[in-house]
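Just so you know, all these numbers are worked out from the coordinates, no wet-lab data involved. Since the model is a prediction, treat every value here as computed from it, not as a measurement.
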Amino acid sequence: MDLKNQTKLLFARELEEMLKTIPMDKIRIVDLCKRCNTIPQTFYYHFHDKYELVAWTFLYDFSKTYVNQDFEYSVKSIVDNLKQMNQRRVFYQKTYTQHSQNSIDQYIQKFNIHSAIDAMENHSQQPVTFDQLLEIKYHSYGMMGLFQEWINDKSTVSIEQLAQFQFDHTPDFLKIAYQNYSFKKISKKLH
């Protein structure tokens, strides 16, 4: 791992530690930097604000499953991704309590929808239709609602049940597009 990503991971890990005792809206960049033994300019070299750091952490976790060369969109890949998120359960619980314009939910919704559109357009070589766009949004909003319930312990569904449900309810056209999609573009956003 290069130095740039090591620095980003340092910020992500320390933010995760801070979130165990401090609400997200009370965390200040200057305090995060002190805990990382660095200066705010270093933070701002990598991130616009703490919400962009949260978004980067999500992408980092997501990429651990989806940029693998042998990737196949399946129940197993969804389970693997949920297990990765589960390792940072407290982090995601704390960041999901934020409902500002920079909320992680809004970021993930945007990410999900743009990834799906990109996968569809790469697969079909045509723009996504209006109906496909609505199905993509419907699927993303529903799955993220279920994910939030699960991550916040408001659901008794297991990782395996949630993954199976997500896979079964992914529109068929999107399953096909994901099978042929290179999620490696995501890893480029990490650098």
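Quick notes on this structure:
- Dividing the Cα radius of gyration of the range 1-98 by 2.2 N^0.38 Å, with N the residue count, gives 1.15.
- Folded to 0 to 90 degrees: helix 104-124 orientation relative to the chain principal axis, Cα: 40 degrees
- Only helices enter the 222 nm calculation for the chain: every DSSP H run of n ≥ 4 contributes -39,500 (n - 2.57), and dividing by all residues gives -22000 deg cm²/dmol, rounded to 500.
- The string of couplings for the range 131-142 from the Karplus curve (6.51, -1.76, 1.60, θ = phi - 60°) is 5, 5, 4, 5, 5, 4, 5, 4, 5, 5, 5, x Hz, one whole number per residue in order, with x for Gly and Pro.
- Alpha-carbon centroid distance for the pair the range 29-45 / the range 95-167, whole angstrom: 32 Å
- More than 32 Å apart - percent of Cα-Cα pairs taken over the chain: 17 percent
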